[in-house]
Amino acid sequence: MAVVKRERVEMSKLAIEGGTPVRRSPFPNRKAYGLEEARQVIEALDSQDLFFATGRKVYQFLSEFKSLYGVKHATASNSGTSAIHVALGALNLEPGDEVITTPVSDMGTVAPILLQNCIPVFADVELGTCNLDPDDVEKKITERTRAIIVVHCWGQPADMDRFLSIAKKRGLRLIEDCAQAHFAHYKGRLAGTIGDLGAFSFQQSKHMTCGDGGITITNDEELGKRADLFADKGCDWTEDRRYRLRYAFLAPCYRMTELQGAVLLAQLKKLRWVAERRQQLGDRLTESIKGLDGVYPPERAGGVDHRYWGYPIRVDGEKGLSRDKFVEALVAEGVPAGKAWPGKPLYLYEMLQKRVTYGSSGYPFTAREGKMVSYDEGLCPNAERVEREMCTVWINEFYSEGDIDDISEAVRKVASLLPRN
Ligand SMILES: Cc1ncc(COP(=O)(O)O)c(C=O)c1O
């Protein structure tokens, strides 16, 4: 029966042209929080102390996160952007040092580089995974390069074997931005534990969330100590709740509160389920739409998880397909879809194009002797193509197999009926 219905819909008119939509009922909303979070928050409030250093929840959360990830150090903070800033602060880079990263990310990957008066240098991505291309990263290394921030884009870890070997060969530090890749394994190791430091976001859309929050992890004692100091104005609060050291160096205040810690304790219990369920659903979608002409599911690397923060589909302009029309048609079929994230490669945003930084100074760009770094159009052709051609389908762990099959049916219908140039 279901097969008959599928064939009928596939052969019918696109909903955007007045045909029957594949899906007329809404997809399930994500219900991220429940009674366990409420119980934890009430406990935190009841303690009459919401300050992490004298409270219990953040410390307990850090300790559970560390044992789940098998790392020695974890520093809590108030966002993923802060967590990356904490990682860079731990590295203690010099002003003007270059940090290579991807233009297919949130500005939260890049802003901390500038806040530390360092220079972001963009390398291109691979078309199939949207992850940084190690070959292009190697090309972008100069005598000023000190670190690479690898973003595990969409939830699939990047080629860490290559990045580790590049970092080792060239004496560079490696930060993993795991904002979209919670509990994602790369050849048996968890993303975030492979480079020198890993940074995570707990913003609302992430696999585990407290609305906003972040964590920076490392196995390096010295980096871990500096990360703790950097997240709290250079202050060292120890677990015996005493100040050891105040104002060691210039640093922001990114402290996490007990309310966030309380919610995250409950979230940690669900993390494995959320990550694994998203992978099952995303891989099911990939399996059922692969092989379409000009409509590409994300490529999967061997031995690597994909936790699908979102589900990116590339719509090939060279096959005569318009991404914008594809998205419009998919939405008309009832699928929660949108254009690319983050909209365009980060270097094409005004802040970087016009160097809108501190007042009218253009710092830290203008403080460098020698040539200005280039953010011209054409710098990263694959990233520019990805942003022109990407359609994002939003899935979450509450979807059923039937929901995924409806999305698959809609994608196949639009791919076969949408007029091509
Ligand atoms: C890859 C990536 N890095 C960094 C961030 C910044 O995280 P936050 O918004 O929690 O500051 C995000 C947020 O979406 C992200 O997706």
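The values are calculated or read from the model by the stated rules, or taken from the named source; none is laboratory data. Predicted model, so just to flag it, every value in this text is computed and none were measured. Here the Cβ is made from the backbone with ideal geometry for all residues, glycine too, and neighbour counts use every protein chain on show.
Okay, here's what the table says:
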read-out	value
Which listed residue is under 12 Å from the mean Cα position of the chain (by Cα), under 21 Å from K270 (Cα atoms) and in contact (Cβ under 8 Å) with a residue 12 or more places away in the chain, from A158, A191	A191
Sole residue being surrounded by fewer than 18 Cβ atoms within 10 Å (Cβ to Cβ), at pLDDT below 95 and farther than 25 Å from A44 by Cα, chosen from L250, L245	L245
Residues (away from the ligand (no atom under 15 Å from the Cβ) and of a type in the set (S, T, N, Q)) located in the stretch 123-171	T142, T145, S165
Those helices (runs of 4 or more DSSP H) lying entirely in the stretch 308-421 with at least 2 residues touching a strand residue (DSSP E or B) at 6+ places or on another chain (Cβ under 8 Å) and within 25 Å of H182 (Cα to Cα)	381-389
Those residues of the stretch 101-122 which are within 15 Å of the ligand (Cβ to nearest atom), under 16 Å from V373 (Cα atoms) and not aromatic (F, W, Y), in sequence order	T101, T102, P103, V110, A111, I113, L114, P120
Yes/no for F230 being among the aromatic types (F, W, Y) and away from the ligand (no atom under 15 Å from the Cβ)	yes
Leading residue by the ranking (farthest from the ligand (Cβ to nearest atom)) among those in the stretch 71-88 that are within 20 Å of the chain's Cα centre (by Cα) and not hydrophobic (A, V, I, L, M, F, W, C)	T75
A147 at pLDDT 95 or above and not in a helix (DSSP H, G or I)	yes
Every residue from the stretch 377-411 that is polar (S, T, N, Q), within 17 Å of the chain's Cα centre (by Cα) and farther than 14 Å from V104 by Cα	N396
All positions within the stretch 172-207 that are within 12 Å of the ligand (Cβ to nearest atom) and in contact with a His (Cβ under 8 Å, 6 or more places away or on another chain)	E176, D177, C178, Q180, A181, H182, A191, F200, K206, H207
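Yes/no matrix, rows are residues, columns are (1) crowded, with 18+ Cβ neighbours inside 10 Å; (2) more than 25 Å from P103 (Cβ to Cβ); (3) in contact (Cβ under 8 Å) with a residue 24 or more places away in the chain:
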| position | (1), (2), (3) |
| --- | --- |
| G303 | no, yes, yes |
| W309 | yes, no, yes |
| R314 | yes, no, yes |
| G317 | no, no, yes |
| L321 | yes, no, yes |
| D324 | no, no, no |
| A329 | yes, yes, yes |
| G334 | yes, yes, yes |
| G338 | no, no, yes |
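Condition check ((1) among the charged types (D, E, K, R); (2) touching a Phe, Trp or Tyr at 6+ places or on another chain (Cβ under 7 Å); (3) closer than 30 Å to M372 by Cβ) across all residues:
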position: E126; (1), (2), (3): yes, no, yes
position: L132; (1), (2), (3): no, no, yes
position: C153; (1), (2), (3): no, no, yes
position: C178; (1), (2), (3): no, yes, no
position: S201; (1), (2), (3): no, no, no
